[in-house]
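What follows is one structure encoded as structure tokens, with my remarks underneath.
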Amino acid sequence: MQVNIATPILQRHPNTTGACAEAEDFSRLIAQSHARSTDYGICSRDEADYSTHGHSSLLAALDENRFLFQHAAPVMESLYAQIVNTHSVVLLTAANGLVLHSLGDPDFLDTASKVALMPGVEWSEKSKGTNAIGTALHEKRPLLIAGGQHFMNANQSLTCSCAPIFDPHGQVIGALDVTSDHRRSHLHTLALVRMSGQMIENHMFTETFSGELCIRFHARPEFLGTLVEGIVVFSPDGRFLSANRSAQFQIGLTLESLRAHTFSSLFGIPISRLHEIFGRTVTQPHQLNLFSGLSVWCQVKMKPVGQWLQGLDMSSAPASASSKAQADTATKRKLQLSSLRYLDTGDPQISAVIRKLCMVRNHDIPIMILGETGTGKDLMAQAIHSDSARAGQPFVSVNCASIPETLIESELFGYEEGAFTGARKKGATGKIQQAHGGTLFLDEIGDMPRQLQARLLRVLQDRKVSPLGASKEVEVDVSIICATNKNLKAMIAQGAFREDLYYRLNGLVVRLPALRERSDFELVAQRILGTLCSKKPTIGLTAEVMSLFKNYSWPGNFRQLHNLLRTAVVMAGCDGRIDTLHLPDDFLEEVAQMPMAEPVDSPIANPAMVAMDNDAGNLHDVTLAAMAQTLRLHKGNVSTTAKALGVSRNTIYRKKDLLPPDIWG
Ligand SMILES: Nc1ncnc2c1ncn2[C@@H]1O[C@H](COP(=O)(O)OP(=O)(O)OP(=O)(O)O)[C@@H](O)[C@H]1O
């Protein structure tokens with residue numbers, strides 16, 4: 001087979017200098033990969049195996065790689081936005097080369113290879129021979145594999161740029177790849193892919209070590225806060241925990257070698273001097289010298305002095321294997337318990353909501369959760385609290401709809417002894433005060449009586465509460481989350497809800513999708529079954545039941561699904577399979593009366609399109625008009641527009657050139 005060795009590798013390897021050495025290095029790498037491919041028993045003339053791993057394996061892989069997926073998905077969107085219309089596909093794979101997610105339009109490929117760029121197909125070297133994904137994962141370095149450099153003839157129409165992705169502990173957990181037709185390849189694509197991979201790694205790194213002492217540095221101050229800054233984290237007593245790839249590069253040591261270091265051995269000063277030098281919890285850049293003599297600008301994020309000193313052990317002993325293991329275990333435990341992440345089960349709308357919530361975490365921005373009844377607003381509020389710095393403090397929930405109007409004032413604000421007839425002898429602390437230091441969750445805020453809305457507004461503005469009958473106000477420090485299934489804007493228009501209160505509460509508004517809108521139904525149902533049968537559940541749903549469930553509208557959302565499954569599990573037993581005979585008659589009757597589901601791209605499935613079709617007549621024009629209108633409504637956001645119209649994002653991207661340019665966000 002002809003191997004093209006002229007294509008330069010776009011990565012400067014630490015042990016080589018100059019383009020010649022790089023080309024030699026690369027041709028050796030390709031030759032070794034081809035030899036491995038032969039050893040795996042692959043023949044270059046074989047027909048490529050494009051079979052998928054199956055839907056349930058893919059779901060399990062998505063669940064297992066949720067941390068990676070959650071951080072990679074938004075980066076993939078922006079990477080794709082940069083290469084849209086270049087006949088390319090963006091792929092995310094797990095560490096074994098299994099494609100987890102793809103963005104883009106493989107229409108440029110012939111039918112067989114089109115299928116290969118889909119979730120569920122494995123691109124390891126063992127399965128496809130030399131290819132960018134499998135070989136980059138094997139070599140643990142970014143690679144561009146073009147046309148004839150692929151081992152199998154079947155893949156030689158492709159050019160692929162791939163960067164492996166490392167987790168915050170230096171393990172390869174997946175790969176990011178852009179694949180295009182080999183005649184349309186661009187050398188700069190690999191640089192884009194590498195930068196995007198680095199972005200994903202930095203996001204994961206920062207989130208994993210959010211509570212640790214974090215030093216960001218670069219030799220040039222203008223690079224602080226950019227993708228290329230080094231990030232290194234230490235425990236409060238100065239033991240090295242981890243460093244991102246840029247930090248390893250700048251310091252000139254691998255993660256393994258860095259583990260023998262402490263803060264003081266790396267930066268040449270005792271950790272106890274950090275507060276003296278930097279003074280505040282988030283600092284201005286300051287110059288320090290690395291042990292190699294290189295002077296770098298540093299920005300430090302650390303806990304306030306009191307908390308800091310509590311954890312400070314001045315011994316600064318080097319990190320032992322056991323301390324690393326402890327740090328790893330603590331990080332893993334934190335990841336497992338992070339309940340926002342637990343709720344992120346793969347639906348893109350929910351992932352987007354969780355991403356936004358993570359961005360505002362710990363900024364005490366009031367959060368408003370919208371959604372139909374039973375969509376998990378309460379659960380989400382608890383997850384926000386337990387993932388925040390206020391997690392150890394109270395989470396106090398007030399259901400404004402369930403407390404009688406006459407009692408809601410005293411419930412919320414509390415009262416002093418003898419404040420009113422029937423008051424308790426010693427008075428009572430109101431819910432707002434009970435939440436001091438923690439989070440106050442105002443559920444069904446749309447049902448708050450109008451005269452109390454003004455009092456609540458004052459509390460939010462002044463951060464003080466005055467219990468009934470009290471002469472003094474009490475200061476309160478609470479983070480506010482509210483939820484409603486009502487249309488507050490319509491209520492404002494009708495004078496039933498105060499506009500000023502609305503704008504106090506809506507720091508970040510998130511909408512939870514209804515169950516029928518979610519794409520992760522199977523995983524969610526399996527999770528609920530898991531909670532209902534705690535001891536090694538083997539229970540599942542028959543294909544017929546799953547199909548019924550997927551086509552049902554679920555007006556009661558999770559609550560309804562939960563109740564239905566609870567009864568069904570009792571009937572079927574935890575080792576059985578839930579069949580239609582385990583479902584309640586009224587549910588089956590309702591399902592039987594439902595109209596047949598329409599294909600999602602059909603105008604019949606989309607009332608907006610139907611309405612316009614009557615007026616216009618040319619379906620194509622109507623479709624474009626509906627897309628333009630919806631894109632405007634969603635401020636150019638393709639994902640939410642696609643969801644609203646019930647079409648794929650690709651359908652919208654395909655029409656990009658036909659839509660007015662001013663509507664893109
Ligand atoms: N993502 C989820 N996975 C599994 N079960 C869930 C999920 N979200 C919510 N539930 C379950 O659904 C039920 C209703 O959830 P929750 O009370 O949070 O909904 P809600 O939107 O606040 O409802 P309402 O508007 O009626 O107060 C609860 O039993 C909850 O445990």
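A short reminder: the numbers here are calculations on the coordinates, not readings from a lab. These numbers come from a predicted model, not from an experiment. Methodologically, a virtual Cβ is constructed for each residue, glycine included, from the backbone with ideal geometry; neighbour enumeration extends over all protein chains shown.
A few remarks follow.
- Which of Ser161, Ser397 has the fewest Cβ neighbours within 10 Å, and the rest in rising order: Ser397, Ser161
- When the listed pairs Lys140/Lys656; Lys140/Lys655; Lys128/Lys656; Lys486/Lys635; Lys377/Lys655; Lys301/Lys472 are checked against a 30 Å cut-off, the alpha-carbon distance exceeds it for Lys140/Lys656; Lys140/Lys655; Lys128/Lys656; Lys377/Lys655; Lys301/Lys472.
- Footprinting exposure proxy ranking of Thr135, Thr262, Thr439, fewest other C-beta atoms within 10 angstrom first, gives Thr262, Thr439, Thr135.
- Look at where the Cα atoms of the range 162-213 and of the range 490-545 average out, and the two centres are 31 Å apart.
- Scaled radius of gyration (Cα, divided by 2.2 N^0.38 Å) that the range 140-184 gives: 1.32
- Across the range 356-367, rounded Karplus estimates of 3J(HN,Hα) from the backbone phi angles (6.51 cos²θ - 1.76 cosθ + 1.60, θ = phi - 60°) give 5, 4, 5, 5, 9, 3, 6, 9, 6, 8, x, 10 Hz, Gly and Pro being marked x.
- Ranking of Phe441, Phe267 by neighbouring Cβ atoms within 10 Å, starting from the fewest: Phe267, Phe441.
- Mean silhouette area of the range 339-511, derived from the convex hull of its C-alpha atoms and averaged over all directions, reads 10.2 nm².
- Within-13-Å neighbourhood charge of Ala136 [Cβ basis; K, R +1; D, E -1]: +1
- Residue (of Thr531, Pro555, Pro584) at the positive-pole extreme of the range 515-592, dipole from beta-carbon charges: Thr531
- Put simply, the amide H of Gly371, placed in the peptide plane, has neighbours under 5 Å in Thr484, Leu512, leaving out anything fewer than 5 places away on its chain.
- Debye, to nearest 20: dipole size of the range 339-511, +1 on Lys, Arg Cβ, -1 on Asp, Glu Cβ: 200
- Cα pair distances in the range 515-574, grouped into 5 Å bins until the bin that holds the longest one, percent each: 4, 18, 32, 29, 13, 4, 0
- Descending Cα extents along the principal axes, the range 49-90, whole Å: 32, 28, 11
- For the range 18-194, diffusion coefficient by Stokes-Einstein and Kirkwood Rh (Cα), 37 °C, 0.692 mPa s, µm²/s: 204
- In the range 18-194, a dipole from Cβ-located charges (positive for Lys and Arg, negative for Asp and Glu) runs towards its positive end, and of His169, Phe108, Pro142 it is Pro142 whose Cα lies farthest in that direction.
- The range 128-241 - Kirkwood radius from inverse mean 1/r over Cα pairs (Å): 15.6
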